[in-house]
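The values are calculated or read from the model by the stated rules, or taken from the named source; none is laboratory data. Fair warning: this is a prediction, and the values are worked out from it, not measured in the lab. Here Cβ is always computed from backbone atoms with ideal geometry, including for glycine, and neighbour counts include all displayed protein chains.
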Amino acid sequence: MTEWEYAKRIIETINARGGEAYIVGGAVRDYMLGHLPDDIDIATSLFPDEVLSLFPKAVPTGIEHGTVTVILDHHPFEVTTFRSEGTYSDSRRPDRVALGVSLEEDLLRRDFTMNAMAFHDGNVVDLFGGRLDLESGIIRTVGSPYERFGEDALRIMRAFRFMSQLDFTLDEELRQAAESLGHKLRHIAMERIAIEFEKLMAGPAYKKALTDLVALGIHEHLPDVTAPLVEHIIADERKPVNAAGGWALFVHHAGDAAWLAPWKRSNALKRQAVVLSRLFSTGLDTFAVYETEEATLDTYLRMERRDGVSASELKRTLPIQHRKQLRFDGRDALALGAVGAEIKGVLAYLERSVVLGQLANDSETLRKEAVSWLQREEKC
């Protein structure tokens, strides 16, 4: 069964209980654009306890916001009670959530018209012109953009993210509101902004979105994002293919491995970005293939448009793929009298020599070369 068919089962179960239920949000948008979505959210007139009673496997994952996760054959679906939201005094989250409202009130609280449609039994509920905006390639808020951005300033970044992903244009009033209220992004958790920025950079129209981001001054509210830096990113022929690739372009053109620190990304992601940015400068040699993780190497090859070769193929051409395959280890170095930093030094030397094809990965060959290396070190 497809995700859409599982969602239909949930809706039919709710309908049989006398409730209303609809597929809502991004899934409807994607369906209208001709894509069968994988991530499907459902909105219902039933309250959470009623939803929980209908399904053997259901978890109250966001009960304070009316959300229950229903699991069918290991496929999770968020089912949320129709709700309205009060004011957003902190520009991040609603001060009050009211359950048990109408579908219209539920859709009214959503960000953009294209995300404020509902679908059920072949019919699309479109109260705010989302279908027409999709056809026109326009990103428009539900109601006043000043109100929507005032409620949650992250919606500004979401607008640019959708602009990049869909290659759409921002509505003129939305542009004016974003320019006026961009400073409110300073009240938003950096992790949330970074996620939207990553998605923006991974979209096919990321250069278009970046251009508008600077034109409206939004970059001034993002850490260390300057107009000249963005110009370098736009001029770069490398296309970011994932989050690491997008960040790597900024680190590379900023010329600073620490540029990414304020964005609060994981250490693993930061490491990938720094390695990629270094490869952009040095290029790819044999030892770089060896010491670069396969996933990072794959990102580099895709960004450089080296379509005829894969990271795994390059790795397989090497004499060894990791140091554990070296037929000389720390115990062998100790047996030759090496101590402290000498052990690390001789292993690094032998490893590099084998990878570059200067030495055979043979125990006796490596032992003899280690003796010579240690003797040279003693003379220094």
Q.
Any residue at all in the range 81-88 that's modelled with pLDDT of 90 or more and over 25 Å from Thr13 (Cβ atoms)?
A. no
Q | Conditions (1) within 19 Å of Pro37 (Cα to Cα); (2) of a type outside the set (A, V, I, L, M, F, W, C); (3) surrounded by 16 or more Cβ atoms within 10 Å (Cβ to Cβ); (4) outside the structural domain of Leu210 (by TED's automatic domain parsing); number of the one not met by Gln165 | A | (4)
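State whether one or more residues within the range 239-261 are in a helix (DSSP H, G or I), more than 22 Å from the chain's Cα centre (by Cα) and touching a residue at least 24 places away in the same chain (Cβ under 8 Å). So that I can check it myself, show each step before the final result.
Restricting attention to the range 239-261, the residues satisfying the condition of being in a helix (DSSP H, G or I) are 243-254, 261.
From what's left, more than 22 Å from the chain's Cα centre (by Cα): none.
Within the range 239-261 (the criterion being in a helix (DSSP H, G or I), more than 22 Å from the chain's Cα centre (by Cα) and touching a residue at least 24 places away in the same chain (Cβ under 8 Å)), the answer is no, since none of the residues qualifies.
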Q: Check off (1) farther than 17 Å from Thr292 by Cβ; (2) in contact (Cβ under 8 Å) with a residue 24 or more places away in the chain for Leu356 and give me the number that stays unchecked.
A: (1)
**Q.** Scan of the range 359-380 for residues that are touching a helix residue (DSSP H, G or I) at 6+ places or on another chain (Cβ under 8 Å), surrounded by fewer than 17 Cβ atoms within 10 Å (Cβ to Cβ) and within 17 Å of Leu318 (Cβ to Cβ), ordered by number
**A.** Ala360
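Among the residues of the range 39-56, count how many are among the polar types (S, T, N, Q) and either more than 18 Å from Glu12 (Cα to Cα) or out of contact with any Gly (no Cβ under 7 Å at 6 or more places or on another chain) (or both). Steps first, answer last, please.
Filtering the range 39-56 down to residues among the polar types (S, T, N, Q) leaves 44-45, 53.
From what's left, either more than 18 Å from Glu12 (Cα to Cα) or out of contact with any Gly (no Cβ under 7 Å at 6 or more places or on another chain) (or both): 53.
Adding up the residues that qualify gives 1.
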Q | Number of the exception - Val24 against (1) touching a residue at least 60 places away in the same chain (Cβ under 8 Å); (2) hydrophobic (A, V, I, L, M, F, W, C); (3) more than 19 Å from Ser84 (Cβ to Cβ) | A | (3)
Q. Does Thr141 count as closer than 22 Å to Leu33 by Cα, modelled with pLDDT of 95 or more, among the β-branched types (Val, Ile, Thr) and surrounded by fewer than 21 Cβ atoms within 10 Å (Cβ to Cβ)?
A. no
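Condition check: within 24 Å of His253 (Cα to Cα), at pLDDT 95 or above, exposed (fewer than 12 other Cβ atoms within 10 Å of the Cβ) and among the small types (Gly, Ala, Ser). Does Ser266 satisfy that? Give the steps one after another, and end with the answer.
Working: within 24 Å of His253 (Cα to Cα): yes; at pLDDT 95 or above: yes; exposed (fewer than 12 other Cβ atoms within 10 Å of the Cβ): yes; among the small types (Gly, Ala, Ser): yes.
Yes.
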Q) Do we find that Ala178 is touching a Phe, Trp or Tyr at 6+ places or on another chain (Cβ under 7 Å) and over 17 Å from Ile139 (Cβ atoms) in this structure? A) no
Q | Which numbered condition Asp171 fails, given (1) out of contact with any strand residue (DSSP E or B) (no Cβ under 8 Å at 6 or more places or on another chain); (2) within 24 Å of Gly137 (Cα to Cα); (3) acidic (Asp, Glu) | A | (1)
Q) Counting just the residues of the range 1-21 that are touching a residue at least 60 places away in the same chain (Cβ under 8 Å) and part of a loop (DSSP other than H, G, I, E, B), which one comes out nearest to the chain's Cα centre (by Cα)? A) Met1
Q) With respect to Glu151, is the statement that it is out of contact with any helix residue (DSSP H, G or I) (no Cβ under 8 Å at 6 or more places or on another chain), more than 30 Å from Lys270 (Cα to Cα) and outside the structural domain of Thr44 (by TED's automatic domain parsing) true? A) yes
Q.
With the condition being in contact (Cβ under 8 Å) with a residue 12 or more places away in the chain, farther than 26 Å from Val241 by Cβ and of a type outside the set (S, T, N, Q), I'd like the helices (runs of 4 or more DSSP H) fully within the range 127-218 carrying at least 2 qualifying residues.
A. 130-136, 145-151, 172-181
Q: Hey, can you tell me all the residues within the range 318-348 that are touching a residue at least 24 places away in the same chain (Cβ under 8 Å) and surrounded by fewer than 18 Cβ atoms within 10 Å (Cβ to Cβ)?
A: Leu318, Pro319, Ile320, Gln321, Arg323, Gln325, Arg327, Leu336, Gly337, Gly345
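Test Asp121 against the stated conditions and say whether it is surrounded by fewer than 21 Cβ atoms within 10 Å (Cβ to Cβ) and more than 26 Å from the chain's Cα centre (by Cα).
On the way: surrounded by fewer than 21 Cβ atoms within 10 Å (Cβ to Cβ): yes; more than 26 Å from the chain's Cα centre (by Cα): yes.
When the stated conditions are applied, Asp121 passes them.
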Q | Conditions (1) at pLDDT below 95; (2) under 16 Å from Lys8 (Cα atoms); (3) assigned to a strand (DSSP E or B); number of the one not met by Val59 | A | (2)
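Just name the residue that is modelled with the lowest pLDDT out of those in the range 24-44 that are of a type in the set (A, V, I, L, M, F, W, C) and in a loop (DSSP other than H, G, I, E, B).
Leu36
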